Every structure is written in structure tokens, then in C-alpha cells.
Amino acid sequence: MAKNTQSPTDFDVKTMIGKISVAYKNLLEIEDGSPLVGLLLIDGKFINNYLFSGPFLFAEQCLYIPAYEKKEMGWGFKLTKVDIVKMTVKVLTEAKDLVFLDKIEDGRVYFFEDLYKTKSGFVEV
């Protein structure tokens, strides 16, 4: 995916991937100036059990997308893999303060854990 200026606070809320529509609904800020989270729809069908943030990355019929959910102490973001054909969700990381996706390269999904891109990580996919 080409680099762009999207961030967890400002990303496309509707995207077409081929003939498949990916959209966020009911987006809200966790707190003032923080990442947006909301419901995720693929071809008009909700992906249940999670609130999602953006931006996402796409490869091999899967979205790599931050999910926002309760962690042991408060709330956090987990990197998830959403199969857009099977409509399944697989959690790939433990909860972090933020998952700001960067790129997919050599079988890894790279991300930052802060808005300033000073702390990075990756997960094998």
C-alpha cells in the first residue's frame, strides 16, 4: 500500500477494495484529540465484538486493522487480521496504547505505538 497522510485521528471512512466496500460507522474520539474508533462494515455487514480504528492495511484478502477493546487495566488497541471473504477476525498482538500501521513487508506487518512514530514494532503474518 502506498504511503499517505492518514493517521489514527484522520483516515478514510469509506474505501473500495475491488468490488468490496469497507466503511466505518459511528466514529468517535476516545477523548479529545485521540484516535477515532467505531464500527466496521464490510459490504454493509458489521464485524461484531470490536470497535475498530484506522488506517488499515490490505493484503491477500485481509485487512490489518487496529481493534479497540478492554485490556487488564483500561482499554487498548490490538492489531487484528480481518478476512474480508470469510468475515473472520484474528487478534495478532496484545493490547497496546496505540497501533498506527505503517507497512506490510517480507511477511511482517510494521506499526508504531505512538502518534509521533518513535516506538515501533512488527508482527509476523
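At a glance:
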{"item": "Some residue of segment 34-44 being touching a Gly at 6+ places or on another chain (Cβ under 9 Å) and closer than 19 Å to S120 by Cα", "result": "yes"}
{"item": "Enumeration of residues in segment 105-125 that are over 18 Å from T9 (Cα atoms) and among the aliphatic types (A, V, I, L, M)", "result": "V109, V123, V125"}
{"item": "Some residue of segment 24-39 being in contact (Cβ under 8 Å) with a residue 60 or more places away in the chain, buried (at least 16 other Cβ atoms within 10 Å of the Cβ) and not in a loop (DSSP other than H, G, I, E, B)", "result": "no"}
{"item": "Search result, residues across segment 101-110 that are farther than 14 Å from S7 by Cα, in a strand (DSSP E or B) and of a type in the set (D, E, K, R)", "result": "E105, R108"}
{"item": "Within segment 109-120, tally of residues that are touching a Lys or Arg at 6+ places or on another chain (Cβ under 8 Å) and closer than 23 Å to G33 by Cα", "result": "2"}
{"item": "Residues of segment 85-102 that turn out to be exposed (fewer than 15 other Cβ atoms within 10 Å of the Cβ) and either acidic (D, E) or within 18 Å of S53 (Cα to Cα) (or both), as a count", "result": "6"}
{"item": "Residue tally, condition out of contact with any strand residue (DSSP E or B) (no Cβ under 7 Å at 6 or more places or on another chain), of a type outside the set (D, E) and assigned to a strand (DSSP E or B), over segment 8-20", "result": "1"}
{"item": "Strands (runs of 3 or more DSSP E) wholly inside segment 43-100 containing at least 1 residues that are within 10 Å of the chain's Cα centre (by Cα)", "result": "57-59, 62-71, 74-83"}
{"item": "All positions within segment 63-97 that are out of contact with any Leu (no Cβ under 8 Å at 6 or more places or on another chain), among the hydrophobic types (A, V, I, L, M, F, W, C) and without any contact (Cβ under 8 Å) to a residue 40 or more places away in the chain", "result": "M73, V85, A95"}
{"item": "Residue within segment 21-39 that is of a type in the set (S, T, N, Q), under 28 Å from E105 (Cβ atoms) and in contact with a strand residue (DSSP E or B) (Cβ under 6 Å, 6 or more places away or on another chain) present", "result": "no"}
{"item": "Boolean, A2 is among the hydrophobic types (A, V, I, L, M, F, W, C) and at pLDDT below 95", "result": "yes"}
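The values are calculated or read from the model by the stated rules, or taken from the named source; none is laboratory data. On a predicted model such as this, the values are computed, not experimentally measured, just so you know. Every residue, glycine as well, gets a Cβ built from its backbone with ideal geometry; the counts of neighbours run over all protein chains shown.
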